[in-house]
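Read through the structure below, which is laid out as structure tokens, and then see the notes.
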Amino acid sequence: MPEGDTILRAARRIDAALVGKPLVEIEAPHPRHALDRWRARLEGRAVRAVDTHGKHLFIRFEGDLTLHSHLRMTGAWGIYRRGERWRRSPRRAWLVLRTADHEVVQFDGPVLELMTDSRTRFDRRLAALGPDVLADELDERGFLARLRADDRTRGLGDALLDQRTLAGVGNAWKSEGCFLAAVDPWRRLGEVSDEEALAVVREIRPLMRASAEGERHAERWVFERAGRPCRRCGTPIRARGQGDDNRTTYWCPRCQA
Ligand SMILES: [Zn+2]
């Protein structure tokens with residue numbers, strides 16, 4: 001699943017491709033959007049800005065209209081020079097924005113909606129999002145307040161995936177952060193100190209921000225390394241589904257004891 005860093009990186013590339021460049025064509029080929037009249041509503045409008053909050057991406061047009069996207073598990077953004085071959089089938093394209101030089105494509109996008117700017121501010125789901133882990137300055141107090149309002153018996157690893165507590169973290173960075181901060185992801189929130197919770201976030205923020213800048217991250221410490229030796233202590237990495245969604249958590253039982 002794309003996490004916040006992947007979305008922010010896509011947003012920067014979409015921004016470079018679209019902002020200040022006249023759109024020559026808009027297509028929304030998926031039948032679900034056949035009646036949405038996007039082409040008519042967006043025709044002739046320039047893209048003002050592209051921004052993100054956690055895993056949500058917003059393409060803001062002139063005239064108070066914004067396309068809101070969330071890729072969930074399956075979606076992807078493609079940014080191509082005109083004539084370049086797409087990495088997914090055109091049949092899977094839900095949205096194509098064309099300029100003279102570029103094609104910006106959303107593939108397999110389960111959440112794609114055109115809304116007014118004001119609705120992006122008041123929409124209940126969006127307003128409920130926690131502080132953005134990728135923000136220039138993290139709202140640490142906001143994060144902690146939300147974490148402390150959560151169920152005290154919830155495991156830390158599961159709680160970190162809750163986008164209402166902290167927006168942008170997914171399964172990979174959650175596991176990596178708990179390892180780097182040497183905190184057991186199975187500990188209940190009631191047994192995790194503020195400093196420990198902040199330590200996890202402070203470990204992953206610079207890595208996620210570097211990744212958003214296009215830097216390739218170093219090899220993973222624990223994520224998807226079940227059964228392989230810990231890079232620090234040699235103990236086999238463990239993996240088990242955690243939380244209501246049963247997302248797999250990876251951890252070193254020795255370094256994170
Ligand atoms: Zn270890």
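The values are calculated or read from the model by the stated rules, or taken from the named source; none is laboratory data. These figures come from a predicted structure and were not determined experimentally. Backbone-built Cβ (ideal geometry, glycine too); neighbour counts: all protein chains shown. For the accessible areas, the whole protein counts, side chains as well, though only heavy atoms, and no ligand, DNA or RNA atoms are used. Shrake-Rupley method; radii C 1.70, N 1.55, O 1.52, S 1.80 Å.
Below are the figures for this structure:
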read-out: Extreme residue, positive dipole direction of segment 34-107, given options W38, G63, A76 (C-beta unit charges); value: A76
read-out: Spin-label model distance (nm) - R188 vs D123, 7 Å beyond Cα toward Cβ; value: 3.6
read-out: Helical segments meeting 24 Å axial Cα length and Kyte-Doolittle 1.6 threshold in the chain (DSSP H); value: none
read-out: Extension gain from R87 to D150, taking 0.36 nm per residue of separation minus the Cα-Cα distance; value: 18.7 nm
read-out: Dipole-positive endmost among A167, W94, S118 within segment 49-201 (Cβ charges, Cα centre); value: W94
read-out: Heavy-atom surface of the chain, accessible at 1.4 Å and reported per residue (Å²); value: 50
read-out: For peptides 36-47, 181-192, 155-166, sequence by mean Cβ density within 10 Å, most packed first; value: 155-166, 181-192, 36-47
read-out: Radius, Kirkwood style, for segment 1-152 when every pair of distinct Cα atoms is counted (Å); value: 16.3
read-out: Portion, in percent, of the accessible area of the chain that falls on carbon or sulfur, probe 1.4 Å; value: 46
read-out: Sorted peptide list for 1-13, 97-109, criterion being average Cβ within 10 angstrom, highest first; value: 1-13, 97-109
read-out: Computed Kirkwood radius, in angstrom, where 1/r is averaged over Cα pairs of segment 70-191; value: 17.1
read-out: For the chain, size of Cβ-based charge dipole, Lys and Arg +1, Asp and Glu -1, in debye; value: 760
read-out: Per-selection Rg to Rh, segment 181-230 - Cα, Kirkwood hydrodynamic radius; value: 1.04
read-out: DSSP-assigned coil residues among trypsin sites (Lys or Arg not before Pro) in segment 196-244, each with at most 14 further Cβ atoms within 10 Å; value: R216, R232
read-out: Two-site label geometry, R220 and A34: point separation in nm, points 7 Å out along Cα→Cβ; value: 4.0
read-out: Along principal axes, Cα extents of the chain, largest first, whole Å; value: 58, 37, 31
read-out: Calculated FRET value between R141 and D108, using beta carbons and R₀ = 45 Å, to 0.05; value: 0.75
